[in-house]
Structures are given as structure tokens and as C-alpha cells.
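The values are calculated or read from the model by the stated rules, or taken from the named source; none is laboratory data. Remember, predicted model here, so these are calculated numbers, not experimental data. Here the Cβ positions follow ideal geometry from the backbone for every residue, glycine too, while neighbour counts run over all protein chains shown.
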Amino acid sequence: MKKLNKSFASDNWSGVCPEVMIALQQANAGHVEAYGEENDFYTRDAIKKFKTLFGDDISVFFVYNGTAANVLATSHVLRSYQAIVSAKSAHMNEDECGAPENFGGSKILEIETEDGKIRTGQIEPFLHSIGFQHHVQPRIISISEVTEKGTVYTPGEIKGLTDFAHSHNMLLHMDGARISNAAVALGVTFRELTTDVGVDVLSLGGTKNGLMFGESVVFFDKNLAKDFEYTRKQGMQLHSKMRFISAQFDRYLTRDLWKKNAQTANRMARLLEKSLRLFPQLNIARSVDANGVFVSIPPEIIPRIQQHYFFHIWDENTSEVRLMCSWDTTEEDINGFAEALKKILQH
Ligand SMILES: Cc1ncc(COP(=O)(O)O)c(C=O)c1O
């Protein structure tokens, strides 16, 4: 079979990291109580790991995918007339096929951003709707950490948003599909990015950083988590062989595996940035905070490079493409990409 180059399309194009694959294999022994019930020690142990990293007062639920984590986390705490405020570019808003609106019934109020981050000043205009019966009622501010434009919110920025949310009877949801890459980029713990700065509910991802599948919903207030098990089941996200999600998370959160994988992905993105900056024909306009590089490439050569290393076009107008590095990206991959680019630009 022809060996394909690794792609830079997305970090979920990579495989499963070896440590997690071993954990899956080990979990494949004997019988274990289904649905993550009391005697499923894999689920118990994984939840303990979450508590070690985020604090004891959390409630954790495993689901299959990130869209479900976002949709269930938010719809569980919203009435249908309450709205989510998010960046226009948010995955919830642009890449979940209307699932939040369909399942939760809630409208998303979008904010245009330059760098994927929302600021309190941009939320203020929506406050005029509060108490006005003709308008949806803003109730959740949802941010992505890392953002869909490759940037990272600092703990201080998150605290600014949670304080703002709480002072207006709103909640802060974080889409942490890439929270590991953000934590590594900032050199902070998960706790410093969430518990300590007032996040109310988090979708924590693993698939993009070495898991086979499995995401989680973490509530930082037990009252918000009340009855979530019914929301998850009704939302068709209760995995019957739960141990296979739990065992992956257990290993992922042990001996800093999450950190090791994210460090590699982020380091490779910086290396990629450095090698692309040597080409005067390219333009990297965004800051490379985590594991994604956004670069404008002359449009006529994009299909030719894609034949060697696939990636997605992010903005047709500016010919900006997104190059994602993952836990298994190597220096060889970066050099190979730069070589292919060089040859194409020379001919
Ligand atoms: C920011 C963000 N959130 C959530 C997701 C979850 O996606 P999925 O439902 O494919 O697991 C993704 C995947 O691309 C993402 O990039």
C-alpha cells in the first residue's frame, strides 16, 4: 500500500497515541459493568484523575464526541428562550450543523472577531435584551480554548469574561476541544484555566490530542450538573462500554501524557511557522499560539501542495489555509512540507 504523507488538515487526522492504545487493549480484559455504573472501576479511576487536576467539586460525564459535549453541556442548563453568545467562528456556531439550535432550541448570538476571541465590550450590546420579552435572553457565553483562529485566551482574559458573565446572571462555557494545547502554550494547569477563573462548564476534548474517541463534560457547580445523566442518555451519548472512554482518559491524564502530546504538537507548529516565514511569497498574519498555523499561500499553488500534504483552506478571500500539527507530527514532516513547497514555488 502507498505510504501517504501525514496531513496538516486537522489534529484529528492523526491516529491514537501508543500509550492510549495500550490502555485500550488492557481495558479489553474480562467483563466490567456497563454504562459507567458503580462497579466500572475504569470510570471511577478516570473521574478521580479529573478531580486531581480540576479539584474535588466537579462533576464529570463522558460522551463520544465534541459536538455532543458542547450541545449537551449548554442545552442542559438553558431554557429554549435563552441564548448562547459566541464568536462567529466558534465550532458550535459554524461547524455543528445547527445541532445546538436543533437539540437545545437555543439561538446563538454571534460576534464577529478578528482573532477568534470575544471581549466583554462586544457582549454588552446583547444585554439590552435582558428582561425584554420579544428578545431571546443571553444566558451562556461560550468561548473556545484554543480558538478556531489558533489563538489562546489567558487565565486573566477568561476571568474577565466569567466575572462579566456572573455579574449579568450568565454562565461561561468553554469548548476545550484543544484545552491541552492551550495549557501547554501558556504554561499553566487545567485548574488555572478553568476552576480558578470561574468557568461554569467545560467540554474537555481528547480526540485531537491522541485519544481514539471520547470527550467529556465537566461541571464546576454540582447544581448545574443535576440530572445531566438523563440529558446525556436522551441525547444518545451514554456509551454502553463506557470503560473504553474512561480507560483512555485515565491514561491521558496520567504522568502528563496530555502535556507531552500537546507539547509536541505546539512545538511542531512553531517549527512550521519558522520554516514558512523563510518564504517571502507566504504571509502568516496570525499569532501561532498553539498547534495551528494560519498562512496565506498563493491560490494557484494550493492544489499542488495539497496533493502532497493535505490541509484545509480557511478563507478563500485571503487564500488563508490552516495547517494543524498533532501529537505525532515530526520534524521530518515539517521539512518534507517545506521542501514540497519550495519545489512548487520554484516551478
Ligand atoms: C473547537 C472545536 N470544538 C469541538 C469540536 C468537536 O468536534 P467533533 O464533534 O467532531 O468531535 C471540534 C472539532 O473539530 C473543534 O475544532
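Structure above, values below:
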item	result
Which numbered condition Val71 fails, given (1) surrounded by 20 or more Cβ atoms within 10 Å (Cβ to Cβ); (2) more than 16 Å from the ligand (Cβ to nearest atom)	(2)
Qualifying residue in the stretch 155-168 (condition: surrounded by fewer than 19 Cβ atoms within 10 Å (Cβ to Cβ), assigned by TED's automatic domain parsing to the domain that holds Ser203, out of contact with any Asp or Glu (no Cβ under 9 Å at 6 or more places or on another chain) and farther than 30 Å from Trp258 by Cβ)	yes
Failed item, numbered, when Lys260 is tested on (1) more than 25 Å from Glu19 (Cβ to Cβ); (2) assigned to a helix (DSSP H, G or I)	(1)
Residue check for Asp200: at pLDDT 95 or above and touching a strand residue (DSSP E or B) at 6+ places or on another chain (Cβ under 9 Å)	yes
Within the stretch 132-161, tally of residues that are within 16 Å of the ligand (Cβ to nearest atom) and within 14 Å of Ile108 (Cα to Cα)	4
Residue satisfying all of: in the stretch 195-224; among the polar types (S, T, N, Q) and in contact with an Asp or Glu (Cβ under 9 Å, 6 or more places away or on another chain); farthest from the ligand (Cβ to nearest atom) among these	Thr195
In the stretch 315-347, the residues that are out of contact with any Phe, Trp or Tyr (no Cβ under 9 Å at 6 or more places or on another chain) and either among the polar types (S, T, N, Q) or part of a strand (DSSP E or B) (or both)	Asn317, Thr318, Ser319, Thr330, Asn335, Gln346
Ser7 vs. criteria crowded, with 17+ Cβ neighbours inside 10 Å, among the hydroxyl-bearing types (Ser, Thr, Tyr) and more than 15 Å from the ligand (Cβ to nearest atom)	no
Members of the stretch 234-257 that are under 20 Å from Ala68 (Cβ atoms), in a helix (DSSP H, G or I) and touching a residue at least 60 places away in the same chain (Cβ under 8 Å)	Arg243, Phe244, Ile245, Ser246, Ala247, Gln248, Phe249, Tyr252
Some residue of the stretch 81-92 being over 23 Å from the mean Cα position of the chain (by Cα) and without any contact (Cβ under 8 Å) to a residue 60 or more places away in the chain	yes
Set Gly116, Gly98, Gly187: member being within 16 Å of the ligand (Cβ to nearest atom) and without any contact (Cβ under 8 Å) to a residue 12 or more places away in the chain	Gly98
Condition met for Ala177 (farther than 21 Å from Trp314 by Cβ and either crowded, with 16+ Cβ neighbours inside 10 Å or not hydroxyl-bearing (Ser, Thr, Tyr) (or both))	no
Pairs where the first residue, in the stretch 215-233, is of a type in the set (S, T, N, Q) and the second is assigned to a helix (DSSP H, G or I) and crowded, with 20+ Cβ neighbours inside 10 Å, C-beta under 6 Å, 6+ apart	Thr231/Leu72; Thr231/His76
Unique match (being within 16 Å of the ligand (Cβ to nearest atom), of a type in the set (Gly, Ala, Ser) and in a loop (DSSP other than H, G, I, E, B)) among Ser180, Ser129, Ser106, Ser89	Ser89
Residue match in the stretch 286-302 (condition: among the aromatic types (Phe, Trp, Tyr), under 27 Å from Thr207 (Cα atoms) and in contact with a helix residue (DSSP H, G or I) (Cβ under 6 Å, 6 or more places away or on another chain))	no
Residue that is in the same structural domain as Phe62 (by TED's automatic domain parsing) and either under 26 Å from the mean Cα position of the chain (by Cα) or more than 30 Å from Glu94 (Cα to Cα) (or both), where the choices are Gln263, Gln237	Gln237
Residue satisfying condition, being in contact with a Leu (Cβ under 6 Å, 6 or more places away or on another chain) and either at negative phi or at pLDDT 95 or above (or both), within set Gly104, Gly98	Gly104
Residues that are of a type in the set (Lys, Arg) and at positive phi, drawn from the stretch 189-220	none
